[in-house]
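Structure first, commentary second.
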Amino acid sequence: MSKKYSVGVVGAGSFGTAVANLLAENNHVYLYSRRAENVDEIIRSKTSSNQKIHENITPTNDIGLLTRECYLIFPIVSSDGFKDMIRTMAPFLRPDHILIHGTKGLAVKKKGLDKLKQRARIAGKNVLTMSELIRSESVVVRVGCMAGPNLAKEISAGLPAATVIASRFDEVIHEGQMALKSPRFQVYGSYDIVGVELAGVLKNILAIGSGIVSGLNLGENARALLITKGWAEIIKLSEALGADVKSFLGLAGIGDIIATCSSPNSRNYSVGYRLAKGETITDIRNTMEEVAEGINTIRIANGLANYYKVNCPIIKTLAQGIFEELDVQAGIEYLMKYRMSMDVEFI
Amino acid sequence: MPKLIYLHIMADQQDNSQSTTSPYKRIIPDIEDWPIHIISKNREQVIQSVVEETLQNIINKNATEKDVHNELAKAIYLEKIRVERPWKTDPPDDKKFWTEVKNKLVEFESHPDGNIEAEKEILRRIITRYVTEIVGNFNKGTYQFSERFVPFAFNRLLNASHSRAFVRLFGNKKDLLKSIHVIGEIDQLRNLAKDGIVVVVPTHTSNIDSITVGWGISAIGLPACFYGAGLNLFSVRFLAYFMNRLGAYRVDRRKKNAVYLEALKTYSTQTIYQGGHSLFFPGGTRSRSNVVETQLKLGLLGTALEAQRRQIINTNGEGFKKVYVVPVTLNYGFVLEAPELIDEHLRNVGKERYFVPSDKYSSSYKILKFLYRFITADADFTIAFGRCMDIFGNPVDDNGNSLYQNGNVIDIRDYFKSKGELKYDTQRDAVYTKMLSEGIVKAFKRNNVALPEHVIAYAAFKLFQQKHHTSDLYSVLRMPEEFRELSKDELREAVRKVVKELTKLEHKEEIRVDPIVKAEDTDELIDYAVKKLGVYHAKRPLLKTKKGMIKCQDMKLLLFYHNRLEGYGLEKHV
């Protein structure tokens, strides 16, 4: 019987803590936080991001210790901080480390950022998914991602759920499954890492849109319209980026949409809701505890759609509403008058 | 910036132990000490070892006896089909052999019990037949003779033609006067080949590629490589004589059954594992379109990975030999079989939309005629050696250390470990092989050399496309002859833009550019390239008319040469 190693979680936000608690049912877990005072606070209060932590969890501020003790590591930090995090870890990482991230955001290369801001256009080569970021910034090759309907609050409340782990490597999927699965948590596998990542990332666009629909009391018909047609736009866009459509029908796609687009527990949903109630995006950003990835994602997706000339009226309207202060009513009017063609044309 | 190294032909420094064309001494002076010589010395032993391992691999890969039986039956069935249309190189008893083994198998099938040992025997017979066919030989005397003969041929080419252009463009610069274009990271390669195992992976456009690259390897002082050559090449007796003795092993693309492929891979793995430098064309077959390969075959690449894994696991990670992969880009300003290649390419991608004319270029040319044509043709060619990489596609430094982006050294043993222990994992290795192929594809693109012929063909084809106002390739190809003319002014403008962009790309190390392309006078470049482009084709891709216009006689050929610069985003700048 080979030695049982600890599992690492990098990032003690709400989802990171929820995943650490899930892992702790099967393993000893090191939970890393960048700020030493935060680690002290977690140790003192036995609570992280308002969640009680499992007794198998050791909070730590020592990334060297975590990478030495753990072969399997789950980096779960916001996409803004992801690059810094992976750069901090990189000197300690080796090719036999397995990294399964749970971050639903995209990174933009410096080169693409200016064009995105000035001309709302960006080429795919200047946008990185988190697994691509890990590959480009470290020596790690055994990379995976976890995505699916995983609202942190429900997981920490012990409710049943499932996730999908995507990787090119069987070993990554297998190790992820062994570490995470429990009677209340199912773990599926997939080889289409780009598809699963993009599905998880891009669905946040619709979560914000869905929040707007609720804030404006536009009704369930409107929500269904937004989600169905918005999802078709997202699939067309992702195909242009090389993803497999199948992943959009799975847990990371449809599964996650159903959860986030109807739940006030979702951060992105609440961004949309507050926007509809008249708050500005700056106010909302300043008062949120954790980053809502969807805001940046809308800008990037709109830039990609413009670059690849994929027709995405819903994404475009949302981007204009958030970044160019397009009036909400004018946006709805534009979409309702938009000349639509056939219903399903993406499969 | 990777330095450009020119090999100067130093006729006055002839040395009998050394190729006459190269300033590089052999890294291992005595041929008898070369890995290929040592490994090939005992051919019978090599065959036996490959047979036994292949047999074991097939048994291991098939979960049950029934699966082994099915694999065997399938191989025999496919071979029965193949022998119906024999090639000249097939042994005369081929049909008899396969009928016999088929009958044996049928006989055993009627006895339900206890036939696994008997079936294994049939399998062993088949594998032995395959391996005996595959395994090459290496003969010191033949190597020495060919080493003198091939440079002689190449020297003729270079002295007779290439240098004239240099005279015109560079005046009396004697240094460049007698140059051959072997460029790239030669010092690193020579250095690493001393202790490591080198796997050379060139691009593939022409039947003469194995000769060109084989000569290039000898010119830079490397020992000869094991290399896989298509069985069809062995049908030319003259070539077969050399290839049989120069380390070439036979690859028969008709045999696609699992037993044959396993034998081929086992042989390749064993030679690399034993330290034999090897060469294979990872594109699998000649690039029909002349586009630099973007999709590679993973089978033989996987054997290099497997050899590295064995080196590490069998030495328990201590004192293992490292395998280095060397991407090589071969570029020709003239490819004799271009008309056929581009026709095949268009047929494949265009299906029914492409009408193939009936008076097709004859396919019955002989390799010798072909070689002669190449040697006497007035065309440019270069061999560009890329930086060595490890088996995972990571770049390596001059000491052979694998590096990753920030310059830190990687311990490659870790790639084969799981939870700290060296472990065998075929699926993981398959992903690694894919990673390596991605690394090679990128290196091919970076090392591709833009020759004058490519630049001119690219600019001209793009101009025709623009003039035709359609993006439909097939209608551009069918453009009536009277429209296929360009003025020198418009061509000059387009060439200038392409060259400017190429220079920028070269600066970013995204391509290499031939020095003639960068010469200041665009008119001279155009004259030079138009004159040389596809000079021996019956119909010229580009030709100067009496009125001073540039005319295209064959749009497909123009497309073929133009394709070498596709994929760099140059079209935005014409």
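Length gained on full extension, A:Q177 to A:D62, computed as 0.36 nm times the residue gap minus the Cα-Cα distance: 38.8 nm. Across the alpha-carbon atoms of the stretch B:20-81, the computed radius of gyration and Dmax are 20.2, 59 angstrom. Using just its DSSP H runs of length 4 or more, each adding -39500 (n - 2.57), the protein assembly as shown gives a mean residue ellipticity at 222 nm of -15500 deg cm²/dmol after division by all residues. When the alpha carbon coordinates of chain A are projected onto the principal axes, the ranges are 64, 38, 37 Å, largest first. Treating r as the C-beta distance of A:L113 and B:K419 and R0 as 51 Å, the FRET efficiency rounds to 0.85. A straight line joining the Cα centroids of the stretch B:31-51 and the stretch A:321-337 runs 75 Å.
Computed over the stretch B:379-493, the P(r) tail beyond 17 angstrom holds 71 percent of alpha carbon pairs. Within chain A, DSSP assigns beta bridges of which about 30% are antiparallel (rounded to the nearest 5). Centroid-to-centroid, using Cα positions, the stretch B:407-433 and the stretch A:29-95 are 25 Å apart. For the peptide B:407-415, the mean number of other protein chain Cβ atoms found within 10 angstrom of a residue's Cβ is 3. Summarising the label geometry, the points placed 7 Å from Cα in the beta-carbon direction at B:K66 and B:L298 lie 2.8 nm from one another. Principal axis extents of the Cα atoms in the stretch A:193-252, from largest to smallest and rounded to whole angstrom, are 36, 17, 15.
Between the beta carbons of B:F483 and B:K546, assuming R0 = 22 Å, the FRET efficiency works out to 0.75 to the nearest 0.05.
Inter-chain Cβ neighbour count for A:134-145, averaged per residue, equals 3 (cutoff 10 Å, partner chain atoms only). Quick one: work out Rg over Rh on the C-alpha atoms of the stretch A:149-303, Rh as Kirkwood radius. For the stretch A:149-303, the value is 0.99. Classify the stretch B:40-134: rounded, prolate or oblate, from the alpha-carbon gyration tensor (a ≥ b ≥ c, eigenvalue square roots; a/c under 1.5 rounded; otherwise prolate if a/b is larger than b/c)? Oblate.
Radius of gyration over Kirkwood radius for the protein assembly as shown, both on Cα atoms: the Rg/Rh ratio is 1.00.
When you restrict to C-alpha pairs under 8 Å that are six or more residues apart and normalise by the size of the stretch A:12-127, the relative contact order lands at 23 percent.
Here the spin labels are modelled as points 7 Å beyond Cα on the Cα-Cβ line, and at B:S235 and B:K500 they lie 5.1 nm apart. The alpha-carbon atoms of the stretch B:449-573 define a convex hull whose volume equals 99 cubic angstrom per residue. Under 5 Å between amide hydrogens, built in the peptide plane, is the criterion, and for A:Y188 it picks out A:T163, A:V164, A:I165 among residues at least 5 positions away or on other chains. Running Debye on the stretch A:78-177 with equal point scatterers at the Cα sites and no solvent, what base-10 log of I(q)/I(0) appears at q = 0.12, 0.20, 0.22 Å⁻¹? Result of the Debye calculation: -0.49, -1.05, -1.15.
Return the FRET efficiency for the residue pair B:V83, B:S475: r is the Cβ-Cβ distance, R0 is 60 Å, and the value is rounded to the nearest 0.05. Once the sixth-power term is evaluated, E becomes 0.85. The calculated Kirkwood hydrodynamic radius for the stretch A:6-191 is 16.7 Å, given to one decimal from all distinct C-alpha pairs. Shape analysis of the stretch A:1-103 based on the Cα gyration tensor places the equivalent ellipsoid semi-axes at 19, 17, 12 Å, largest first. Between B:I59 and A:E132, the simple label model (points 7 Å from Cα in the Cβ direction) yields a spacing of 4.8 nm. Calculated over the stretch A:224-279, the projected area of the Cα convex hull averaged across directions stands at 4.5 nm².
Fraction of C-alpha pairs exceeding 21 angstrom in the stretch A:251-347: 41 percent, rounded to a whole number. Using a 1.4 angstrom probe on protein heavy atoms only, the contact between B and A buries about 1700 square angstrom of accessible area, both sides summed.
The values are calculated or read from the model by the stated rules, or taken from the named source; none is laboratory data. Predicted model only: the values in this text are computed from it and were never measured. All Cβ positions, even for glycine, are placed from backbone atoms using ideal geometry, and neighbour counts span all protein chains on display. Ligands, DNA and RNA are stripped out before the accessible areas are found, and what is left, the full protein with its side chains, is counted by its heavy atoms. Shrake-Rupley method; radii C 1.70, N 1.55, O 1.52, S 1.80 Å.
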